[in-house]
Amino acid sequence: MQRRVVVTGLGLVCAVGNTAPEIWSKLLAGKSGMAPITAFDTTGFSVTFAAEVKNFDPLDFVDKKESRKMARFIHLALGATHEAMENSGLKITDQNATRVGVHIGSGIGGFDIIEREHSAMLAGGPRKISPFFIPAAIINLAAGQVSIRYGAKGPNEATATACTTSAHSIGDAYRIIERGDADVMIAGGSEAAITPMGIGGFAAMRALSTRNDDPEHACRPFDKDRDGFVCGEGAGILILEELEHAKARGAKIVAEIIGYGMSADAFHITGMPEDGDGCFRAMENALKSANLRPEQIDYVNAHATSTPLGDATESKAMQRLFGEHATSHKLLVSSTKSMTGHLLGGAGGLEAGITIMALMNQIVPPTANLDNVDPECKLNYIANHPQNAKLDYALSNSFGFGGTNGSLVFRRWEE
Amino acid sequence: MAAVEEKVKQIIVEQLQVDEAEVTPSASFQEDLGADSLDVVELVMQFEEAFDIEIPDEDAEKIKTVKDAIEYIDKNAKGGK
């Protein structure tokens, strides 16, 4: 018999809030998390704002000595994991430890630490490199630190597939449980790339919005005046659990994960083909694996980052897949990046969490700053105000540099 | 000696996040003060920084207790800072 996989915990951290409920209320109110960068001096940078996490103290989750051995993306992952674990009520014991795994990725990893240690080396020579440089910075150490802190002895992995990272982490973790290699997976992603090299690097690609004089309105997916994405940071962690395992311990189930699709564009390092063929196939594969017809999907949390090409391309791919269901505006689509900024490797985790909260609350969060819809974008984007709706099935999209795509399908949970 | 001892203890308390009372002369970094091998490497780097000395790896390996550190620095530091 096919093993079913449900979600029993959510932990989210991003610029609009440090917990899932706080984020949900801010999204419904259309609050933007964007502001001038406080992490470093932006003099000379063409982009001077971002969506930074506010008032996050790693010492709430880890002691001072240990916290120094971790890049910020690991701190954020520990914060989100703390909420998700509390939420799930799961206790890891000697009996279940080997059946609980961790799958937490990051697109970038510890740029903050890499930059700091590189500066130390340039100033003082190689002897000034900290012995904790490597374990503080490398991508799989978020998964490693979570396993160490919680005693999770099952499969331990980290994906690094740019902005599709945490959609892949969640999808792959779902498959791990389905196959029987674990009963529970702590899965998602984390990112903290608001550093001089992170912002400078994306700005050099001309990928970021330069609306420096108006950060709150800078991220405007599907709007005709959009001019690039806004770098966000944060983490999104789900507790995925085999259905019978969750029932046996009386866990509160918040949704079921029923589909996962992947694809590659095989086209360009950062661009996507104009017809969005890769996006189309990721969504199509996700629907196939969920055994759903396109018209059964009620809501899509779009990848839409507010770049001129990306949002139009994703819209075209949705139009091709969903047909009349989409063009008639029955399919509800929104981009919550308009408020949270783009979490890069953390985006899929955060947005899976938001998609699940939409199913739980039967409300679609809006696309903020959508004042004049781009004529190239022809769907129902829930402009500026949330909408109550009957939602049974929802899809979350993530597309990343390298042409790597992932789509997840969630089902509203009912006993 | 007293100034070196005071400063060494201060660095250990800060780096290893231990109680000052635990930092006795015979306390071993790894066995008594909760350090792992990487913590000790970083601790030695902090001593180098604070006392403006270079501690070669072959010497660093012999610094295992609070007393080892104080004696080594007292002998090799150029007056400290």
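Read-outs: derived from the displayed coordinates by stated rules, not from any lab. Predicted, not measured: the structure shown is a model, and the values here were computed from it. A quick note on method: Cβ atoms are made from the backbone with ideal geometry, for glycine too, and the neighbour counts reach across all protein chains shown.
Observations, loosely collected:
- Projected label distance in nm at A:Ala264 and A:Gln95, using a 7 Å step from Cα toward the beta-carbon: 4.5 nm
- A Cα-only calculation for segment A:337-415 places Rg and Dmax at 13.5, 42 Å.
- Solvent-free Debye calculation, one equal scatterer per alpha-carbon of the protein assembly as shown: log10 I(q)/I(0) at 0.06 Å⁻¹ equals -0.30.
- Maximal additional length on extending the A:Met205-A:Thr43 stretch stands at 56.5 nm, based on 0.36 nm per residue less the C-alpha distance.
- Inter-site label distance for A:Arg293 and A:Arg175 at 7 Å from Cα along Cβ, in nm: 2.8 nm
- Potential lengthening between A:Asp225 and A:Gln2 on full extension [0.36 nm per residue; Cα-Cα distance subtracted]: 75.6 nm
- FRET efficiency estimate (nearest 0.05) - Cβ-Cβ, A:Lys247 to A:Ile129, R0 41 angstrom: 0.25
- Within chain B, longest stretch free of exposed GluC sites (Glu not before Pro) [DSSP loop, at most 12 other beta carbons within 10 Å]: B:1-30
- Helical content of the protein assembly as shown, expressed as a calculated mean residue ellipticity at 222 nm, amounts to -11000 deg cm²/dmol (DSSP H runs of 4 or more residues, -39,500 (n - 2.57) each, divided by residue number, nearest 500).
- A:Gln387 long-range amide H proximity, modeled H, under 5 Å: A:Val364
- Evaluated over the Cα positions of segment A:5-248, the convex hull gives a direction-averaged projected area, one quarter of its surface, of 14.6 nm².
- Neighbour-limited loop hits for trypsin sites (Lys or Arg not before Pro), segment A:362-415 (at most 15 other Cβ within 10 Å; DSSP other than H, G, I, E, B): A:Lys390
- Taking only alpha carbon atoms, segment A:261-412 gives an Rg to Rh ratio of 0.92, where Rh is the Kirkwood radius.
- Annotation note: GluC sites (Glu not before Pro) in segment A:223-308 located in DSSP loop regions with a Cβ neighbour count of at most 14 within 10 Å are A:Glu274.
- Here the label points at A:Ala389 and B:Gln30, each 7 Å from Cα along the C-beta direction, are separated by 6.0 nm in the simple model.
- Looking at segment B:1-76, the pairs of alpha carbons with a distance over 15 Å make up 46% of the total.
- Contact order for chain A, expressed relative to its length and based on alpha carbon pairs under 8 Å spaced 6+ residues apart, stands at 23 percent.
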